[in-house]
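Novice: So that we are looking at the same thing, I have put the structure below in structure tokens.
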Amino acid sequence: MVSFMVHFERRERKFLRMSHFNESPLMSTPVTRDRMEKWVEAQLKGEKVEIDVYGKPTDQMIKELENVRNLSKELQDNLHELENSVRIAEVENQAMNPTAPILDYSEDHEFVPDHQDTYYAEEDKMDAKEEEKQKLTKGKGPKTEIQRFFKDQCVFLTGGTGFLGKVLIEKLLRACGDVNTIYVLARGKKGKDPRVRLHEMLDEFLFHRAHEENPKGIHKVVTIQGDMELPGLGISEEDRKMLTSKVTIIINAAATVKFDEKLSVSTAINVKGTKEVLRLAKECRNLKAITHVSTAFSNTHVPHIEEKFYEPPMSVEALEAISEVDEKLLESILPTLLGKRPNTYCFTKAIAEEAVRKYGEGLPISIVRPSIVVSSYEEPVRGWTDSVYGPTGLVVGIGTGVLRTMYMDQDKVADMVPVDLCVNAILASAWFTAKNYKENQTSDIPIYNFVSGAQNPLTWGDFIERNRKYGIDKPTTKAVWYYGLNPTNNYYMFVFYNFFLHYLPALFVDMYCAVTGKRRAMLKLYHKVMKLANILFYFSTQDWKFSDMNVQNMWKSLTPEDRVVFPFSIGEMSWEYMCETFLVGLRVYLIKDDLSTLPEARKKWNKLYYLHQALKAVTLFIVLNLVYFVFKAVFALMN
């Protein structure tokens, strides 16, 4: 009886153990369920049976398992590579992304707030949003409305080899990869064929990201040999026929940006060139949109600049006639012609707008007026520029220690816009114009004041200070002296500073060079520096009130996806973020001083700092002694 009970208990425990197999994942699959049931039944009977529950793996299964193993190894390698890339050299990490968080690689702890569920949920949302943004910006997500607009379009671009034009081409290649063709008007320069110029331009660092994301895009850029100064844009008859039959979108971004350019040259490019572009546009049979790029400073004679046409300083035809006058005579009457306009650039751009109003009637056309265009905010890389004009040249001069004083009112607004945001606004304006245009439209041509002062003003004082803050510890090996800017809004103080801080030291250096047989260059350098600075004085000592409601309304009309791919909201940008890499960008892309030289540059910077302090001490000692001897002589005379 006892042995029967023991046997029964053993059978019962075994049955209970077997019943747990019902919860096994193997019971949910038809292939393995039958085998599992046979095995369980045999165990309950106490029979010994060999059943291959899983079955023999097929060749396909083995192959898939091998693929999984390879993928796992590849993921591990990628993780190691990612870890190594995150732990980049401290120099580059601090220089190009100074606000990046300090990464903690310890596995002992992780900071988690009390509300950890909410914390992780927000973190997941941010990660998902960033992932979606990456997909959209890299063209891996669904196409946005603006991207669909540019699909299969043929774009004709003037000014494509300039600062703004380069970024326009890069953005089209990268974000609008489905564009059919980008025709770029280019002329020969310095003995180089236009095609060679364009080919070399597309090899520049700026286009690296576009080549990676759209390798075949380079073949969509086609050179059209021509010149904005020539009749008919200097385009051959064959090319003109091809353009008029294929072009659907025109972006006129060509201009001479030299503020002190001769009036005849400025007129030929900015006014006559614009007229020729409009003539071409009227011949294009499939034209959908044309955007004319002007400037926010074309009407500086009024304190409040709205998004509308203003009375030009003279008619288009009158300027064309005057520009044919003898150059010497033209120079003598230039101040009278300019009137309240500061230079030939602003003057001719104002008359170019009149040309658009007069000759662009009936066309699907808009005008974009950017203020001072500076280096990139984010795309394709932060801080990129190849232009030395405006605030860029100012910061280069300050960063190299060459510019010691500046005539400016630090409380005035420094109205400037990043080049990549400006490009996005231009592309959006073409889409917006085509979307809202009605055939035989006679209403006002839309104008967009693309400025920063209306929504996100930055004063000259803040701009200088933020660049000093982020650039002081990232000097260049090409610095000639330590940082020390003395801005003033008093012109007579500026003249005083300019003599003692610029020309007097330059004179001593050139005298030393003459004695030692070295090349004298400092006085010549300061002549160039002050020429650039003089151009900026007009804009650094006053500001204007701008209206930009058309820009804001255009931004509101964009879909959330388009706002990610084509961001241009000045109100949402951060000047702090912009200035973090502004000076570093100039160092790397403009001065061509690689970040690998930063340790060497810092050593030189420290030496210059001590020399600067020593010079200040010596100067103070000399001044105090002079004051002492002067007072001593005065007291001696009085006694």
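Read-outs throughout are calculated quantities, based only on the coordinates presented, and are distinct from any laboratory measurement. Please read these numbers as outputs of a predicted model, since none were measured by experiment. With ideal geometry, Cβ positions are generated from the backbone for all residues, glycine too; neighbour counts draw on all protein chains shown.
Novice: With Cβ to Cβ distances under 13 Å as the rule, what net charge do the other residues near Trp575 carry (K, R +1; D, E -1)?
Specialist: Net charge in that neighbourhood comes out at -4.
Novice: Would you compute the Debye intensity of the stretch 597-638 from its alpha-carbon atoms alone, equal scatterers and no solvent, and pass along log10 I(q)/I(0) at q = 0.16, 0.19 Å⁻¹ to two decimals?
Specialist: -0.56, -0.64
Novice: To the nearest Å, what is the center-to-center distance of the stretch 292-354 and the stretch 163-192, using C-alpha atoms only?
Specialist: If we compute the Cα centre of each part, the gap is 29 Å.
Novice: Loop-only check: which trypsin sites (Lys or Arg not before Pro) in the stretch 165-197 are DSSP coil with at most 15 other Cβ within 10 angstrom?
Specialist: Hits after loop and neighbour filter: Lys190.
Novice: Using per-residue counts of other Cβ atoms within 10 Å, averaged over each peptide, order 579-585, 244-250, 297-303 from highest down. Before the final figure, lay out the partial values.
Specialist: Values: 579-585: 25.0, 244-250: 20.6, 297-303: 18.3.
Top to bottom by mean Cβ count within 10 Å: 579-585, 244-250, 297-303.
Novice: I want the local charge near Ile251. Using Cβ-Cβ distances under 14 Å, sum +1 for each Lys or Arg and -1 for each Asp or Glu among the other residues.
Specialist: Working: positive: Lys166, Lys171, Lys288; negative: Glu170.
Local net charge: +2.
Novice: Further, regarding this structure: Quick check: the distance between the Cα centres of the stretch 593-622 and the stretch 497-573, to the nearest angstrom?
Specialist: Comparing the Cα centres of the stretch 593-622 and the stretch 497-573, I get a distance of 24 Å.
Novice: Say the cut-off is 26 Å between C-alpha atoms; which of Lys412/Lys607; Lys216/Lys246; Lys435/Lys556; Lys349/Lys469 go over it?
Specialist: Table pairs above 26 Å Cα-Cα are Lys412/Lys607; Lys349/Lys469.
Novice: Given Ser452, Pro418, Gly399, which one lies farthest toward the positive end of the charge dipole of the stretch 397-465, if we put +1 on the Cβ of every Lys and Arg and -1 on the Cβ of every Asp and Glu?
Specialist: Pro418
Novice: How far is it, in nm, from the label point at Ile333 to the one at Asn456 when both lie 7 Å from their Cα along the line to the Cβ?
Specialist: With each label point 7 Å from Cα toward Cβ, the separation is 4.6 nm.
Novice: Within a Cβ distance under 15 Å of Val529, other residues only, what is the Lys/Arg minus Asp/Glu net charge?
Specialist: Here the count lands on +3.
Novice: Per residue of the stretch 539-553, what does 6.51 cos²θ - 1.76 cosθ + 1.60 with θ = phi - 60° give for ³J(HN,Hα)? Whole Hz please, x for Gly and Pro, Karplus curve as stated.
Specialist: 8, 8, 10, 8, 9, 10, 9, 10, 9, 9, 5, 5, 5, 5, 5
Novice: Based on Cα coordinates alone, diagonalise the gyration tensor for the stretch 143-300, multiply each eigenvalue by 5, take square roots, and list the semi-axes in whole Å, largest first.
Specialist: Here the semi-axes work out to 24, 18, 16 Å.
Novice: I've got another one for you. What list of ³J(HN,Hα) values in whole Hz, one per residue of the stretch 306-311 in order, does the Karplus curve 6.51 cos²θ - 1.76 cosθ + 1.60 (θ = phi - 60°) give from phi, with Gly and Pro shown as x?
Specialist: 9, 8, 8, 7, 10, 5
Novice: Across the stretch 382-397, in residue order, what do the Karplus-derived ³J(HN,Hα) couplings come to in whole Hz, using 6.51 cos²θ - 1.76 cosθ + 1.60 with θ = phi - 60° and x for Gly and Pro?
Specialist: For the stretch 382-397, the Karplus curve yields 6, x, 6, 7, 9, 10, 9, 7, x, x, 4, x, 4, 5, 4, x Hz.
Novice: Fully extended, how many nm does the chain gain between Arg468 and Val623 (0.36 nm per residue separation, minus their Cα-Cα distance)?
Specialist: Full-extension gain reported as 52.9 nm.
Novice: Please list the non-local residues whose amide H lies under 5 Å from the amide H of Tyr448, H modeled 1.01 Å from N, same-chain partners needing a gap of 5 or more.
Specialist: For Tyr448, whose amide H was placed from the backbone, the distant partners under 5 Å are Ile367, Val368, Arg369.
Novice: Amide H neighbours of Val221 under 5 Å, at least 5 residues apart or on other chains, H built in the peptide plane: list them.
Specialist: Counting only residues 5 or more places away or on other chains, the set is Ile182.
Novice: Which order do peptides 381-393, 473-485 fall in by mean Cβ count within 10 Å, highest first?
Specialist: Packing proxy ranking, top to bottom: 381-393, 473-485.
Novice: Listed highest first by mean packing, meaning other Cβ atoms within 10 Å per residue, what order do 280-286, 153-159, 235-241 come in?
Specialist: Going by the mean number of other Cβ atoms within 10 Å, highest first, we get 153-159, 280-286, 235-241.
Novice: For Phe309 and Asn489, compute 0.36 nm times the residue count separating them, minus their Cα-Cα distance, and round to one decimal in nm.
Specialist: Working it through step by step, the gained length comes to 61.6 nm.
Novice: Quick check: residue separation of Lys607 and Lys241 times 0.36 nm, minus the Cα distance between them. What number comes out in nm?
Specialist: 125.4 nm
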